[in-house]
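Okay, so here's the structure we're looking at.
The values are calculated or read from the model by the stated rules, or taken from the named source; none is laboratory data. Since this is a predicted model, take the numbers as computed values, not measurements. Here the Cβ positions follow ideal geometry from the backbone for every residue, glycine too, while neighbour counts run over all protein chains shown. For accessibility, only protein heavy atoms count, side chains too; no ligands or nucleic acids. Shrake-Rupley method; radii C 1.70, N 1.55, O 1.52, S 1.80 Å.
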Amino acid sequence: MATFLKQGKTDQEKQEADTKVQNAVSGIIKDVEDRGDQAVRELSEKFDNWSPESFRLSSEQIEQVIADLPDDVIDDIKFAQEQIENFARHQRESIQDIEVETRPGVILGHKNIPVNSVGCYIPGGRYPMVASSHMSILTAKVAGVDRVIACTPPANGEIPAATVAAMHMAGADEIYLLGGVQAMTAMAVGTETIDPVDMIVGPGNAFVAEAKRQLYGRVGIDLFAGPTETLVIADETADVEMVATDILGQAEHGPTSPGALITTSRTLAESLEDEIARQLETLPTADVAEVAWRDNGSIILVDDIDEAVREADKLAYEHVEVLTDNPDYFLENMTNFGALFLGPETNVAYGDKVIGTNHTLPTKEAAKYTGGLWVGKFLKNCTYQRATKEASVEIGKYAERLCELEGFMGHKEQASLRVRRYENQ
C-alpha cells in the first residue's frame, strides 16, 4: 500500500487560487474584445511597461537582433532546432492519408489537412523561454501551417534577443513583442492590426493557461496547461543526489510547480528531504524551487514496481523520469504521462531544451486523455466518401431502415431518393 511521507497542497486550496485567476482573465479578454488595439496597448503598458509604436517587429529589427547575437548562441539555437525539426519530420511522415474500398463501390478515405493559421505564445517573465520557439513555431511549420504568428513579452523593456532570433529562425511569419492574456486574446479574436488565427498554442503562466481555456471554442488550442510537473520513479539503484537535482531542476519553473518521488526504497524516500535542503543552499533559483517543493512536493513509498505504475498513472504527471534497474518496464506498462525519460542518462532538461521531443506537455491529469504538442496537433483528420450507383443503392436500403428506426424521416428520404434514382440503372 502506498504511503505518503510528504504531500503538497489540497485540491481545495488549488481551486481557490484558480478562481481568482479565472475572474481576472475573463475581464481582460472582454476588454480586448471590446476595445481591440487600445486595450492591448493599455494592458501591455500596465503589465509590462511596454508601449512601442508597433508591437510587431519589423524585418530590420529582427535582422539587427540576430546580427548582434554571438555566433555561439546562433549555433546552439540552430543545433536545437535541427533536433526538434528532425523528430517532427519523422512524426509527420508517420501520419498518412488513406483511401480504401470498404465494400464494392464504396470508397472511404481521410486527409490530414494543416490548420491554416496558428498563434504561438513564447513565454518570457522570469525565464526567457527560447526553446518554446522551436517547440511550437517550428513544429507548426513542419506540419504545413501556412501562417504562423508568435508573441513574446519584452524583457525589462527590451527586445529578448535570443528568443526573437529563435522565433525567426523557426519560421514565424509575424513576430509581436506582446505578452500575457492580452497577447493570447489578440491572436485569438484579432484586433485592428493583428489578424486572428485559427489555433493558439504554447506554454505560459497561470493567466496565459486560463486564457487558453476561456478562448477554447472560438479557436483551437494545443492542450490545457498548468504548472510544470515532475515525477521521479526510483528504486534502490537510484542515487538521492540525482533524484533531488532532477526534482529541483523543474521546481524552479515556479512556486506552484509540483515535484514528486515514487520509490520502492525507504532509504531513498527518507533521505530525499535532507538532500533537497542541502542542494537548496547553493541553487541560484532556490527562492522559487524551495517554495515549490515545500507547498507542492510529494514523497510516495510503494511496495513494488507494479504499485509504482499504479500510483504514477493516478498522478498522470507531465514529466516522468524513471531511475530504476528496468526503465522499459514503465514504458511498457504506464499509460498516463506527458513524456517519459528512461534511465539516468537522460532527464527533463534535455526534453525541455534540445533533444528533439516536444516540451509542451499535458498537466493537471490531462495526460489521462491527451499527449503533448506535436505535428499531429496542427493537422485536421478529415474524412471523405464516394460511391458507385450500385453501392449507393445497397447502402441506401440499409440507411432507409436505420433512419426510420430512429424517426429521422428527412434523413430517410435522402437515402430513398438515391435508391429510386439508381436502382434500375
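Roughly how many debye, to the nearest 20, is the charge dipole of the stretch 46-100 about its Cα centre, given +1 on each Lys and Arg Cβ, -1 on each Asp and Glu Cβ, and no other charges?
300 debye
What is the dipole size for the stretch 1-108, taken about its Cα centre, with +1 at each Lys and Arg Cβ and -1 at each Asp and Glu Cβ, in debye to the nearest 20?
Rounded to the nearest 20 debye, it is 720 debye.
Over the chain, with every protein chain in place, what whole percent of the accessible area is carbon and sulfur at 1.4 Å, could you tell me?
Within the chain, the accessible surface is 49 percent carbon and sulfur.
Can you tell me the Rg and Dmax of the stretch 290-364, counting just the alpha carbons, in angstroms?
Rg, Dmax (Cα atoms, Å): 12.8, 35.
Expressed in nm to one decimal, what extension gain is obtained for the pair GLU406 and ASN333 from 0.36 nm per residue of sequence separation less their Cα-Cα distance?
The span from GLU406 to ASN333 would gain 22.1 nm if fully extended.
At R0 = 51 Å, how high is the FRET efficiency between THR383 and ALA286 if r is their beta carbon distance? Nearest 0.05 is fine.
The pair THR383/ALA286 has a calculated efficiency of 0.45.
Mean separation of Cα pairs under 8 Å and 6+ residues apart, divided by the residue count of the chain: what relative contact order is that in percent?
Taking the mean separation of contacting Cα pairs over the length of the chain, I get 20 percent.
What number, in percent, do you get for the relative contact order of the stretch 291-425 if the mean sequence gap of Cα pairs under 8 Å and at least 6 apart is divided by its residue count?
Averaging sequence separation for qualifying contacts and normalising by length gives 17 percent for the stretch 291-425.
Which whole-number value in Å² is the accessible area per residue of the stretch 279-355, probe 1.4 Å?
With the other protein chains kept in place, the stretch 279-355 gives 45 Å² per residue.
So what's the back-of-envelope 222 nm ellipticity for the chain, counting only DSSP H runs of four-plus at -39500 (n - 2.57) apiece and dividing by all residues, rounded to 500?
-15000 deg cm²/dmol
Amide H of LEU231 versus every other amide H placed in the peptide plane: which residues, excluding those fewer than 5 positions away on the same chain, fall under 5 Å?
ALA260, HIS319, VAL320, GLU321
Of the peptides 382-391, 367-376, 288-297, 34-43, how do they stack up when ordered by the mean number of other Cβ atoms within 10 Å, highest first?
288-297, 367-376, 34-43, 382-391
Which pairs, out of LYS78/LYS380; LYS111/LYS412; LYS20/LYS353; LYS78/LYS141, put more than 21 Å between their alpha-carbon atoms?
LYS78/LYS380; LYS111/LYS412; LYS20/LYS353
So what is the relative contact order for the stretch 71-117, in percent, with contacts set as C-alpha pairs under 8 Å and at least six apart?
Reported as a whole number, the value is 23 percent.
Would you grab the residues whose amide H sits under 5 Å from the one on GLY220? Only those 5+ places off in sequence or on another chain, please, with H modelled 1.01 Å from N.
Amide H neighbours of GLY220, under 5 Å, 5+ apart: MET199, ILE200.
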